[in-house]
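S.K.: Below you will find the structure I want to go over with you.
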Amino acid sequence: MSEKIAESRGGRQQPPAVIELTDVHKWYGNFHALKNIDLTVRKGERIVVCGPSGSGKSTLIRCINRLEVHQRGSIHVNGVLLTNQTKNIKEVRQEVGMCFQQFNLFSHMTILENLTLAPILVRKMPANDAVDLAMSYLKRVNIADQHDKYPGQLSGGQQQRVAIARSLCMAPKVMLFDEPTSALDPEMIKEVLEVMVDLANEGMTMICVTHEMGFAKSVADRVVFMDMGEIVEENTPDEFFDNPLVDRTQSFLNQILSH
Amino acid sequence: MQLLEKIKFQNHRSLLRGRVYSFVIQFLFMALVVWAVYALMISTQANLEARGVDSGFDFLDQRAGFPISVSLIEYTPDDSYGRAFLVGALNTIYTAIICIILATIIGVMIGVAQVSGNMLVAKLAEIYVEIMRNIPVLLTLLFIYGVVLARLPGVRNAIELFPGGYLSQRGIYFPQPVPLSGFGFVIASLIAAIILSIFFQRWARKKQRATGYDSPVIRVNLALLIGLPTVAYLIAGQPLDWDVPTLQGFNFQGGLTLKPEFVALVVGLSLYRGAFIAENVRAGIMAVSKGQIEAAHALGLEPGKVISRVTLPQALRVIIPATTNDYASLVKDSSLAIAIGFADIVSVGGTMIGQNGQALEVIAIWMAVYLTINLIVSVAMNAANRKYQIVER
Amino acid sequence: MANLVFIPAPDLPPPPGQVGIIRWLKLNFFKDTFSSVLTLLGLYFIFWITGPLLSWFILDAVYAGDSAACNAAEGACWSFIRAQIKLFLFGLFPRDLLWRPILAAALLAITFALTATRIIPVLAMVLCWTALVLISYWLFAGGFGLQSVPTTKWGGLMLTLMLSVIGIVTSIPLGILLALGRRSKIGLISFLSVVFIESIRGIPLVTILFMATILLPLFMAQGADLSTVFRVQIGIILFSTAYIAEVVRGGLQGIDSGQQEAADALGLSGWKSTALIILPQALANVLSPLIGRCIALLKDTALVIVVGLLDFLGIAKAAAQSALWLGFEAEAFIFCAAIYWVLCFGLSRYGRSLEQIGAAK
């Protein structure tokens, strides 16, 4: 399918592959959680992964930054093969940013400290430069005035925007989003989606697990549908929503779009 | 409008009634308390007179007439009761401090063991905690004193742990360092090392802010604090002599002696409280949200940094309030010294009551001392708590 | 139209080394070098200690025989415990009247079972425990048709349980009153409550026992006398009351102010709203810490040895120093520890189950 999409771009020189999953399988004990995963993400692509709960979407992206470990197949991030070695994992994690459903901000640090922690400790950035960097990203997500508050003092939407800024401070090559708006009240979903759309428009490569189909339609280059641990179908948003090829995809779309 | 006036008037009346009610209650209560105290005082005075017991704190100047086996300051039976009390109080305080340190070390080790990935170590730690927490501390104390220490060999067959270190029924003996002239130089070098270390840390922090360079602070500190005094020691010609305990006749002479009462008290209390502190440590570590740990890993932080920057500060938020409570309990537990004959302030006071019957005064002194220590511990507790509060909306 | 049929891929078995006992061992015991070293040290420690412990406790132990037989053997002297069991359990209580403390113990077990299984309503529970205290006291002391037994003969596990049970049963209502007193708007009552609570909690139990045994005779009219057991019981009650008051205060602080407002809106008077609305909720919130106080009190009663009473621990210590059975402190203390452990661990399990029920709500 990726070839089809490439063809549709008129056979231009394709951007390099940032993430390559080849025949990836994962088991939890005896449970076969991911099956036959083949996925290539190129620079600048925006991928939305959707599917029913338990389909393995979160497991898939968590394998990319080694929060979960795959047992078969290979994962390449930015050309680097993901293995068990700590140095290798650290290298990969610096290039991959992740946003969680529960934000996971460090509750004992101020917003500013949350953002400057990794650049100082991992990229060995001087503290003053880290502060400037952090403030610039906070401005970008429209939350610069809260920089000396603590996460407990912010709303869910504000916390998620800070979490996005925190990941961006490490200048990742690709951003992973694990259901970033699922834990938010409806009024706050918009402000977070706006930040994600801005990010996409600036060319950030991203893989987003979400139920927000509006976001998928307007931003995604590809929609990947997963069920029971494997990729069932992937296509451009237009094709995916209007002309699904597989029956399972159709029934899933019927379910979610009827809301 | 008439209705409103009526309601206002009735509200006013019931408010007044409420205040009168409160005042009357307080007055009656006060009268009751005053009467009770008065009656008690009359009765006590009569009883004391009948028994021929003196009143007042003058007895503190009298000769004590009993020995105290363990004392930080000079004391003989010719000294006053007041001085004996001071010896007891000092014993209570320094025993409590040593127990706090020891119990914390034990507690942290056992607590961390319980959350380590190793199932064997975690189970052993859990068994230790469940055993120690469910037996009275006094039983543990008596067991260590009456069974473990009492079964140690006699002085003639003392176990030699290392040259000059002996383990026997009469106590544990260590060589005691005797500073010779020139040792002052070593002390001065230690002070210099501490000052240098502080300056180095400040410089390292500045450099980090400016250039991001991570100086090896721990290694340099260790080198300074250990290396410098060692060099000074060698230069000064090793100005340290050792008073080694040697067996002479029926006992060891010289060196440092730890009496079995002291050892039993400290070991017993520390093992007991250590189990409680271990539970606090375990609860604190498990209270840290797994999601934040994952986020820290996802940002690329090394496991060591994740523990020191994310897990530990948040775990301490839970551990510190609970543990300072345990410290306060440790201070009170030290009073069990009376059950095994260690001369803490309760032991000493008890002897005094036996000698001159002035129980009221002794009890008053006990209360004053313990409540003061408790106050100090409370103040320290609150200061530590405040430092680790998490700010909420 | 969607005309491709989705056929789920078959579930494959995981690669070898991923499941099964090898993996479980590897993960839990040999995850990295440090962990492996710890495992080996731990195993070595267990093997080193199991042999001697097994020999001493079981294999070489003497189960019947006299002191001489025990001295000749290498292992534990359990015949000492068997020979002195009545002393351990009942102290010096007359041997022909042992049915009385045994009956009291049975009643205690029944009352506890009724309370723990929540078969009877709360009011009935309160009546049962009060009745238990009164009946047990009658069984121990005698009078009203039973032969009198002086308190000096009370000792052993019987005394420990009595001091603990009466201590808890009495200090809970007193503690509740004290906690309410601390929150009272009447300045004097609040002040006195705080002074009492903080003073008692700031000093060791040993000093309170001394206060009780030495000061109470001084406070009473000349000629009147209170046996040591009574004085100690009063001291224990005062001690426990202060701590229970703090636990209840914690429970009261957890109650929404909305509850009080609702009660007021319904027209309930001060006392009624407290007793019917606020207190039950406050107490339900702190059931687990209250059980914790019960366990603590059970352990704390061991301190009465310091003022000369021979409770369970005191008897154990004394029994090991009696002329006939000299030198078996280890067996005495271990037996003592085992019984304490069973009681305290049992109570703590019960407390944990209460916590889970509370959490489920």
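S.K.: Restricting to the stretch A:109-145, name every residue that is assigned to a loop (DSSP other than H, G, I, E, B) and either touching a residue at least 40 places away in the same chain (Cβ under 8 Å) or more than 11 Å from chain B (Cβ to nearest Cβ) (or both). Step through it out loud before you land on a result.
M.R.: Step one: of the stretch A:109-145, the residues assigned to a loop (DSSP other than H, G, I, E, B) are A:109-110, A:122-126, A:141-143.
Within the stretch A:109-145, A:MET109, A:THR110, A:VAL122, A:ARG123, A:VAL141, A:ASN142, A:ILE143 meet the criteria.
S.K.: So, one more: Of the residues C:LEU324, C:LEU252, only one is touching a Ser or Thr at 6+ places or on another chain (Cβ under 7 Å) and of a type outside the set (Gly, Ala, Ser); which?
M.R.: Numbers: C:LEU252 fails: touching a Ser or Thr at 6+ places or on another chain (Cβ under 7 Å).
Just one listed residue meets the conditions, C:LEU324.
S.K.: Scan the stretch A:231-250 residue by residue and report those that are in a helix (DSSP H, G or I) and either buried (at least 20 other Cβ atoms within 10 Å of the Cβ) or more than 14 Å from every other protein chain (Cβ to nearest Cβ) (or both).
M.R.: Residues of the stretch A:231-250 that are in a helix (DSSP H, G or I), as a first pass: A:237-242, A:247-250.
If the condition is that a residue be in a helix (DSSP H, G or I) and either buried (at least 20 other Cβ atoms within 10 Å of the Cβ) or more than 14 Å from every other protein chain (Cβ to nearest Cβ) (or both), then A:PRO237, A:ASP238, A:PHE240, A:ARG248, A:THR249 are the ones that fit.
S.K.: Please state which one of B:ALA122, B:ALA103, B:ALA158, B:ALA113 is modelled with pLDDT of 90 or more and more than 10 Å from chain C (Cβ to nearest Cβ). Walk me through how you get there before you give the answer.
M.R.: Values: B:ALA122 fails: more than 10 Å from chain C (Cβ to nearest Cβ); B:ALA158 fails: modelled with pLDDT of 90 or more; B:ALA113 fails: more than 10 Å from chain C (Cβ to nearest Cβ).
Result of the check over B:ALA122, B:ALA103, B:ALA158, B:ALA113: B:ALA103.
For every residue, the table says whether it meets (1) more than 14 Å from chain A (Cβ to nearest Cβ); (2) farther than 30 Å from C:PHE328 by Cβ; (3) hydroxyl-bearing (Ser, Thr, Tyr).
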position: C:GLY17; (1), (2), (3): no, yes, no
position: C:GLY20; (1), (2), (3): no, yes, no
position: C:THR50; (1), (2), (3): yes, no, yes
position: C:TRP56; (1), (2), (3): yes, no, no
position: C:GLY75; (1), (2), (3): yes, no, no
position: C:ILE81; (1), (2), (3): yes, no, no
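S.K.: Go through the residues of the stretch A:72-85 one by one and say whether even a single one is among the hydrophobic types (A, V, I, L, M, F, W, C), touching a residue at least 60 places away in the same chain (Cβ under 8 Å), in a strand (DSSP E or B) and over 24 Å from B:GLN292 (Cβ atoms). So that I can check it myself, show each step before the final result.
M.R.: Quick first cut of the stretch A:72-85, residues among the hydrophobic types (A, V, I, L, M, F, W, C) only: A:75, A:77, A:80-82.
Applying the additional criterion that residues be touching a residue at least 60 places away in the same chain (Cβ under 8 Å) yields A:77.
Now narrow it down to the ones that are in a strand (DSSP E or B): A:77.
Right, trim to over 24 Å from B:GLN292 (Cβ atoms) and you get none.
No, every residue in the stretch A:72-85 fails to be among the hydrophobic types (A, V, I, L, M, F, W, C), touching a residue at least 60 places away in the same chain (Cβ under 8 Å), in a strand (DSSP E or B) and over 24 Å from B:GLN292 (Cβ atoms).
S.K.: What helices (runs of 4 or more DSSP H), lying completely within the stretch C:80-186, carry at least 3 residues that are over 30 Å from C:GLY270 (Cβ atoms), of a type outside the set (Lys, Arg) and in contact (Cβ under 8 Å) with a residue 60 or more places away in the chain?
M.R.: Working: elements: C:99-116, C:122-141, C:156-182.
Passing ranges, in order: C:156-182.
S.K.: Still on this structure, I have one more. Looking at A:ALA183 and the list (1) touching a Gly at 6+ places or on another chain (Cβ under 6 Å); (2) in a loop (DSSP other than H, G, I, E, B), which single condition is not satisfied?
M.R.: Failed condition: (1).
S.K.: Take the residues of the stretch A:146-172 that are of a type in the set (D, E, K, R) and more than 13 Å from B:GLY300 (Cα to Cα): which is farthest from the other protein chains (Cβ to nearest Cβ)? Full working, then the answer.
M.R.: Taking the stretch A:146-172 and keeping what is of a type in the set (D, E, K, R), we get A:148-149, A:161, A:166.
Cutting the leftovers down to more than 13 Å from B:GLY300 (Cα to Cα) gives us A:148-149, A:161.
Details: A:ASP148: 10, A:LYS149: 8, A:ARG161: 15 Å.
Among them, the one singled out is A:ARG161.
S.K.: Consider B:ALA343 against the criteria (1) surrounded by fewer than 18 Cβ atoms within 10 Å (Cβ to Cβ); (2) within 26 Å of B:GLY56 (Cα to Cα); (3) more than 12 Å from every other protein chain (Cβ to nearest Cβ); (4) under 22 Å from the mean Cα position of the chain (by Cα): it satisfies all of them except one. Which criterion is unmet?
M.R.: All conditions are met except number (1).
S.K.: Moving on to the next point. How do the strands (runs of 3 or more DSSP E) wholly within the stretch B:230-318 filter down when requiring 1 or more residues that are polar (S, T, N, Q): which remain? First the steps, then the outcome.
M.R.: Details: elements: B:240-243, B:246-248, B:251-253, B:256-258.
Strands (runs of 3 or more DSSP E) meeting the threshold: B:246-248, B:251-253, B:256-258.
S.K.: Can you pull out the residues in the stretch A:186-222 that are in contact with a Gly (Cβ under 8 Å, 6 or more places away or on another chain), small (Gly, Ala, Ser) and closer than 25 Å to A:LEU154 by Cβ?
M.R.: Answer for the stretch A:186-222, where residues must be in contact with a Gly (Cβ under 8 Å, 6 or more places away or on another chain), small (Gly, Ala, Ser) and closer than 25 Å to A:LEU154 by Cβ: there is none.
S.K.: Let me ask you something else. Name the helices (runs of 4 or more DSSP H) wholly within the stretch B:55-161 that hold at least 3 residues that are surrounded by fewer than 17 Cβ atoms within 10 Å (Cβ to Cβ)? So that I can check it myself, show each step before the final result.
M.R.: On the way: elements: B:81-115, B:119-133, B:137-143.
Where helices (runs of 4 or more DSSP H) fall fully within the stretch B:55-161 and carry at least 3 residues being surrounded by fewer than 17 Cβ atoms within 10 Å (Cβ to Cβ), they are B:81-115, B:119-133.
S.K.: Then there's this: Can you spot a residue in the stretch B:37-47 that is away from every other protein chain (no Cβ under 14 Å), surrounded by 11 or more Cβ atoms within 10 Å (Cβ to Cβ) and touching a residue at least 60 places away in the same chain (Cβ under 8 Å)? It would help to see each step written out before you state the result.
M.R.: Filtering the stretch B:37-47 for residues away from every other protein chain (no Cβ under 14 Å) gives none.
No: the stretch B:37-47 contains no residue that is away from every other protein chain (no Cβ under 14 Å), surrounded by 11 or more Cβ atoms within 10 Å (Cβ to Cβ) and touching a residue at least 60 places away in the same chain (Cβ under 8 Å).
S.K.: Also: In the list B:ALA193, B:ALA210, B:ALA223, which residue meets the criterion of being in a helix (DSSP H, G or I) and under 29 Å from the mean Cα position of the chain (by Cα)?
M.R.: Working: B:ALA210 fails: under 29 Å from the mean Cα position of the chain (by Cα); B:ALA223 fails: under 29 Å from the mean Cα position of the chain (by Cα).
After ruling out the rest, the residue left standing is B:ALA193.
S.K.: Then there is this: If I filter the stretch C:105-114 for residues that are more than 19 Å from the chain's Cα centre (by Cα) and exposed (fewer than 14 other Cβ atoms within 10 Å of the Cβ), do I get at least one hit?
M.R.: To start, the set of residues in the stretch C:105-114 that are more than 19 Å from the chain's Cα centre (by Cα) comprises none.
Checked against the condition, which is being more than 19 Å from the chain's Cα centre (by Cα) and exposed (fewer than 14 other Cβ atoms within 10 Å of the Cβ), the stretch C:105-114 yields no hits at all.
S.K.: Something else: For the stretch C:232-251, check the following and say yes or no: at least one residue is facing chain B (nearest Cβ under 10 Å) and surrounded by fewer than 18 Cβ atoms within 10 Å (Cβ to Cβ).
M.R.: If we filter the stretch C:232-251 for residues that are facing chain B (nearest Cβ under 10 Å), which is where we start, we get none.
No, the stretch C:232-251 contains no residue that is facing chain B (nearest Cβ under 10 Å) and surrounded by fewer than 18 Cβ atoms within 10 Å (Cβ to Cβ).
S.K.: Identify the residue in the stretch C:59-94 that is among the aromatic types (Phe, Trp, Tyr) and over 17 Å from C:GLY314 (Cα atoms) and, among all such residues, is surrounded by the fewest Cβ atoms within 10 Å (Cβ to Cβ). I'd like the intermediate steps shown before the answer.
M.R.: Here is the first cut: in the stretch C:59-94, the ones among the aromatic types (Phe, Trp, Tyr) are C:63, C:78, C:80, C:88, C:90, C:93.
Remaining after also requiring over 17 Å from C:GLY314 (Cα atoms): C:63, C:78.
Values: C:TYR63: 12, C:TRP78: 20.
Restricting to residues being among the aromatic types (Phe, Trp, Tyr) and over 17 Å from C:GLY314 (Cα atoms), the top hit is C:TYR63.
S.K.: Considering only the stretch C:335-352, state which residues are in contact (Cβ under 8 Å) with a residue 24 or more places away in the chain and within 22 Å of B:LEU141 (Cα to Cα). Quick ask: steps written out before the conclusion?
M.R.: Pass one, the stretch C:335-352, residues in contact (Cβ under 8 Å) with a residue 24 or more places away in the chain: C:335-336, C:339-340, C:343-344, C:347-348, C:350-352.
Passing the criteria: C:PHE335, C:CYS336, C:ILE339, C:TYR340, C:LEU343, C:CYS344.
S.K.: Among C:ALA319, C:ALA284, C:ALA338, C:ALA265, which is surrounded by fewer than 14 Cβ atoms within 10 Å (Cβ to Cβ) and within 20 Å of C:GLN84 (Cα to Cα)?
M.R.: On the way: C:ALA319 fails: surrounded by fewer than 14 Cβ atoms within 10 Å (Cβ to Cβ); C:ALA284 fails: within 20 Å of C:GLN84 (Cα to Cα); C:ALA265 fails: within 20 Å of C:GLN84 (Cα to Cα).
The unique qualifying residue is C:ALA338.
S.K.: Okay, next question. Looking at the structure I just gave you, is C:GLY251 touching a residue at least 24 places away in the same chain (Cβ under 8 Å) and in contact with a helix residue (DSSP H, G or I) (Cβ under 6 Å, 6 or more places away or on another chain)? I'd like the intermediate steps shown before the answer.
M.R.: Working: touching a residue at least 24 places away in the same chain (Cβ under 8 Å): yes; in contact with a helix residue (DSSP H, G or I) (Cβ under 6 Å, 6 or more places away or on another chain): yes.
Criteria met by C:GLY251.
S.K.: Which one of B:PHE342, B:PHE276 is aromatic (Phe, Trp, Tyr), over 30 Å from B:PHE59 (Cα atoms) and in contact with a Ser or Thr (Cβ under 9 Å, 6 or more places away or on another chain)?
M.R.: Values: B:PHE342 fails: over 30 Å from B:PHE59 (Cα atoms).
Residue meeting the stated conditions: B:PHE276.
S.K.: Regarding A:GLY97, is this residue at pLDDT 90 or above, away from chain B (no Cβ under 13 Å) and either crowded, with 22+ Cβ neighbours inside 10 Å or not in a loop (DSSP other than H, G, I, E, B) (or both)?
M.R.: Working: at pLDDT 90 or above: yes; away from chain B (no Cβ under 13 Å): no; either crowded, with 22+ Cβ neighbours inside 10 Å or not in a loop (DSSP other than H, G, I, E, B) (or both): yes.
Judged against the criteria, A:GLY97 is not a match.
S.K.: Would you be able to say whether some residue in the stretch B:354-370 is surrounded by fewer than 13 Cβ atoms within 10 Å (Cβ to Cβ), without any contact (Cβ under 8 Å) to a residue 12 or more places away in the chain and either at the interface with another protein chain (Cβ under 9 Å from one of its Cβ atoms) or within 20 Å of the chain's Cα centre (by Cα) (or both)?
M.R.: First pass over the stretch B:354-370, keeping only residues surrounded by fewer than 13 Cβ atoms within 10 Å (Cβ to Cβ): B:354, B:364, B:368.
Applying the additional criterion that residues be without any contact (Cβ under 8 Å) to a residue 12 or more places away in the chain yields B:354, B:364, B:368.
Next cut, either at the interface with another protein chain (Cβ under 9 Å from one of its Cβ atoms) or within 20 Å of the chain's Cα centre (by Cα) (or both) only: B:368.
Yes, the conditions are met somewhere in the stretch B:354-370.
S.K.: When the residues of the stretch A:205-230 are filtered to those that are surrounded by fewer than 20 Cβ atoms within 10 Å (Cβ to Cβ), among the aliphatic types (A, V, I, L, M) and farther than 30 Å from A:ASN30 by Cβ, which remaining residue is farthest from the other protein chains (Cβ to nearest Cβ)?
M.R.: If we take residues in the stretch A:205-230 being surrounded by fewer than 20 Cβ atoms within 10 Å (Cβ to Cβ), among the aliphatic types (A, V, I, L, M) and farther than 30 Å from A:ASN30 by Cβ, then A:VAL219 is farthest from the other protein chains (Cβ to nearest Cβ).
S.K.: Among C:LEU309, C:LEU297, which is part of a helix (DSSP H, G or I) and within 22 Å of C:TYR243 (Cβ to Cβ)?
M.R.: Just a single option satisfies the conditions, and that option is C:LEU297.
S.K.: In the stretch B:299-330, how many residues are over 30 Å from A:LYS124 (Cα atoms), surrounded by fewer than 23 Cβ atoms within 10 Å (Cβ to Cβ), among the β-branched types (Val, Ile, Thr) and modelled with pLDDT of 90 or more? I'd like the intermediate steps shown before the answer.
M.R.: Going residue by residue through the stretch B:299-330, those that are over 30 Å from A:LYS124 (Cα atoms) are B:318-330.
Those left that are additionally surrounded by fewer than 23 Cβ atoms within 10 Å (Cβ to Cβ): B:318, B:320-322, B:324-329.
Right, trim to among the β-branched types (Val, Ile, Thr) and you get B:318, B:320, B:324.
Now restrict to residues that are modelled with pLDDT of 90 or more: none.
The qualifying residues number 0.
The values are calculated or read from the model by the stated rules, or taken from the named source; none is laboratory data. Note that this is a predicted model, so its numbers are computed, not measured. Every residue, glycine among them, receives a Cβ derived from its backbone with ideal geometry; neighbour counts consider all protein chains shown.
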